[in-house]
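A.B. asks: After the structure tokens below, expect a handful of questions from me.
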Amino acid sequence: QVQLVESGGGLVQAGGSLRLSCAASGRTFSRYAMGWFRQAPGKEREFVAAISWSGGVTYYTGSVKGRFTISRDNAKNTVYLQMNSLKPEDTAVYYCAARDDPYGTSWSEYDYWGQGTQVTVSS
């Protein structure tokens, strides 16, 4: 079992930045690929970014490429999502998730989930 706890969400103006963190506990964090997903009201949960167990491979959905950066620190059992140039359409609850490597881009491929953190971007 892996327990995941997200933090760092909040309210920010368009064009601003936030850094989300996801702290993991339980089984060996470094064996897992990690993903970030988001869900806006009335919409399905969508893939945002993923990172391999080593951090050597990353992948982003097109709408955040160039604005968001996923990274991880295996010594701290933490994965991050740096979000820059935020837009109102980025408003959602953001979730981190874990699965055995390699990473996936579908929510159904992930085994462990955090409780989510709200990100609200005002125009």
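The values are calculated or read from the model by the stated rules, or taken from the named source; none is laboratory data. These figures come from a predicted structure and were not determined experimentally. Because the Cβ atoms are built from the backbone with ideal geometry, glycine has one as well, and the counts that use them run over all protein chains shown. Note: areas computed on protein heavy atoms with side chains; ligands, DNA, RNA excluded. Shrake-Rupley method; radii C 1.70, N 1.55, O 1.52, S 1.80 Å.
A.B. asks: Within the range 78-91, which residues are in a loop (DSSP other than H, G, I, E, B) and surrounded by 18 or more Cβ atoms within 10 Å (Cβ to Cβ)?
C.D. replies: From the range 78-91, those in a loop (DSSP other than H, G, I, E, B) are 84-87, 91; that's our starting set.
Within the range 78-91, 86, 91 meet the criteria.
A.B. asks: Something else: Give the residue, chosen from 103, 95, that is under 24 Å from residue 41 (Cβ atoms) and either of a type outside the set (S, T, N, Q) or part of a strand (DSSP E or B) (or both). Talk me through it step by step, then tell me what you get.
C.D. replies: Numbers: 103 fails: under 24 Å from residue 41 (Cβ atoms).
Result: 95 is the single residue among 103, 95 that is under 24 Å from residue 41 (Cβ atoms) and either of a type outside the set (S, T, N, Q) or part of a strand (DSSP E or B) (or both).
A.B. asks: Turning to a different aspect of this structure: Taking the condition over 21 Å from residue 7 (Cβ atoms), crowded, with 16+ Cβ neighbours inside 10 Å and not β-branched (Val, Ile, Thr), does residue 42 pass?
C.D. replies: No, not satisfied.
A.B. asks: Which of (1) in a strand (DSSP E or B); (2) open to solvent by 10 Å² or more (accessible area, probe 1.4 Å) does residue 49 not meet, given it meets every other one?
C.D. replies: Here residue 49 meets the rest and fails (2).
A.B. asks: Can you name the number of the only condition in (1) at pLDDT 95 or above; (2) in a loop (DSSP other than H, G, I, E, B); (3) of a type in the set (Ser, Thr, Tyr) that residue 120 fails?
C.D. replies: Failed condition: (2).
A.B. asks: Among 54, 21, which is the only one that is open to solvent by 10 Å² or more (accessible area, probe 1.4 Å) and either modelled with pLDDT under 95 or of a type in the set (Phe, Trp, Tyr) (or both)?
C.D. replies: Only one candidate passes the filter, namely 54.
A.B. asks: So residue 15 clears everything in (1) of a type outside the set (A, V, I, L, M); (2) open to solvent by 60 Å² or more (accessible area, probe 1.4 Å); (3) part of a loop (DSSP other than H, G, I, E, B) except one condition, right? Which one?
C.D. replies: (2)
A.B. asks: Evaluate the range 92-101: report whether one residue or more is within 20 Å of residue 33 (Cα to Cα), free of Cβ contacts under 8 Å to residues at least 40 places away in the same chain and open to solvent by 30 Å² or more (accessible area, probe 1.4 Å).
C.D. replies: The answer is no; no qualifying residue exists.
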